[in-house]
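S.K.: Pasting in a structure now, in structure tokens, and then I'll have a few things to ask.
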Amino acid sequence: MTAENFLSGQVLLIDKPLNWTSFQVVNKLRWEIRQAFNIKKIKVGHAGTLDPLATGLLVICTGKKTKEINTYQGQIKEYTGSLVLGSTTPSFDLETEINQTYPTEHITEDAIHNTTNAFIGDIQQFPPVFSAIKKDGKRLYEFARAGEDVEIKSRTVSISEFEITNINGLTIDFRVVCSKGTYIRSLANDFGKALNSGAHLSALRRTKIGDFNVENGMTIEAFISSLNN
């Protein structure tokens, strides 16, 4: 790869590590490309945010390919992950502490499998209050961290597949195929409610965006190494 390759435009598949923000990944790759080729300025962007506590596929565009970001953002996405029944958190995941517990004795494995059917198709979903969606010029998480109440409107999202892949006590492993804008944290929270209990997301990995697969992605370290070879 040359400087001109990156400037004319590349689509990079990166396997985002745990505890990195998507913004940090973009900044790191931009800095490494600039250093490797002595480029003063280059556009780098990602096609769809992953939360810090999620891992998996980030589609990174460089140079002129950044004009295609919206196209990639709109494609169908696949996730695998785990949720824990019987407790909730304000962020719907492990970013915040458990704030409430619920009974689970009534929940059967059949009920867990059958409840997925209620989420197939177009559904109304409320984004988590701990999210980067903007309202009145501020991110929702800014209101949440300040302890301020804010009205959140529901949005229509589409889920084409929702499969339970393993049940281990209160920990449920799943696979979801969904549209742009779907919050898996909200899905976990709503799934708990549908079982007359509570739930929160405990792990999440994005495996596909359109035809792009995380199996074809590279770690940040592998990408940096490729620049130096």
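The values are calculated or read from the model by the stated rules, or taken from the named source; none is laboratory data. Note that the structure is predicted; figures quoted are calculated from it, not measured. All Cβ positions, even for glycine, are placed from backbone atoms using ideal geometry, and neighbour counts span all protein chains on display. Each accessible area value is taken on the protein alone, full model and side chains, heavy atoms only, with ligands, DNA and RNA left out. Shrake-Rupley method; radii C 1.70, N 1.55, O 1.52, S 1.80 Å.
S.K.: Report Rg (one decimal) and Dmax (nearest whole number) for segment 22-68, counting Cα atoms only, units Å.
M.R.: Rg then Dmax for segment 22-68, in Å: 11.2, 33.
S.K.: Continuing with the same structure: At 0.36 nm per residue, and after removing the present C-alpha to C-alpha distance, how many nm does the segment from Asn229 to Thr2 gain when stretched out fully?
M.R.: 80.6 nm
S.K.: Divide by every residue of the chain the summed helix terms, -39500 (n - 2.57) for each DSSP H run of at least 4, and state the resulting mean residue ellipticity at 222 nm, rounded to the nearest 500 deg cm²/dmol.
M.R.: -7000 deg cm²/dmol
S.K.: What list of ³J(HN,Hα) couplings, whole Hz, do you get for segment 11-17 from phi and the Karplus terms 6.51, -1.76, 1.60, once you set θ to phi - 60° and write x for glycine and proline?
M.R.: Going residue by residue, I get 10, 10, 9, 10, 8, 5, x Hz, with x marking Gly and Pro.
S.K.: Something else now. Please tell me the relative contact order of the chain in percent, rounded to the nearest whole number, where contacts are Cα pairs under 8 Å and at least six residues apart.
M.R.: 28 percent
S.K.: Just the accessible area per residue of the chain, please: how many Å² with a 1.4 Å probe?
M.R.: 52 Å²
S.K.: Considering only Arg155, Arg206, Arg185, give the residue with the highest GNM mean-square fluctuation for the chain, with springs between Cα atoms whenever their separation is below 10 Å.
M.R.: Ranking Arg155, Arg206, Arg185 by mean-square fluctuation puts Arg155 first.
S.K.: In whole percent, how big is the carbon plus sulfur part of the accessible area of segment 67-127, probe 1.4 Å, protein atoms only?
M.R.: That fraction is 50 percent.
S.K.: Enumerate the amide H contacts of Gly9 below 5 Å, restricted to partners 5 or more residues apart or on another chain; note that Pro and chain-start residues carry no placed amide H.
M.R.: For Gly9, whose amide H was placed from the backbone, the distant partners under 5 Å are Lys64, Lys65.
S.K.: For Gly48, enumerate residues with amide H under 5 Å from its amide H, sequence gap 5+ or separate chain, H modeled in the peptide plane.
M.R.: none
S.K.: Another question about this same structure. At 1.4 Å probe size, what's the solvent-accessible area of Asp173? Round to the nearest 10 Å².
M.R.: The accessible area of Asp173 comes to roughly 40 Å².
S.K.: Fully extended, how many nm does the chain gain between Ile120 and Gln35 (0.36 nm per residue separation, minus their Cα-Cα distance)?
M.R.: Gain on extension, Ile120 to Gln35, equals 25.9 nm.
S.K.: Please report the net charge: other residues with Cβ closer than 14 Å to the Cβ of Leu204, K and R +1, D and E -1.
M.R.: Here the count lands on +1.
S.K.: Ok, one more. Residue by residue through segment 116-125, what is 3J(HN,Hα) from phi via Karplus (6.51 cos²θ - 1.76 cosθ + 1.60, θ = phi - 60°)? Round to whole Hz and write x for glycine and proline.
M.R.: Here the 3J(HN,Hα) series is 4, 4, 5, 10, 7, x, 7, 10, 8, 9 Hz.
S.K.: Given the options Thr96, Thr49, Thr88, state which has the largest fluctuation in a GNM of the chain using a 10 Å cut-off (strictly under) for Cα springs.
M.R.: Highest fluctuation among the options: Thr96.
S.K.: Where does helix 22-37 land angle-wise versus the long Cα axis of the chain, in degrees 0 to 90, nearest 10?
M.R.: The helix 22-37 is inclined about 10 degrees to the chain.
S.K.: Give, in whole angstrom and from largest to smallest, the semi-axes √(5λ) of the equivalent ellipsoid of the chain, with λ running over the eigenvalues of the Cα gyration tensor.
M.R.: Gyration-tensor ellipsoid for the chain: 35, 19, 16 Å.
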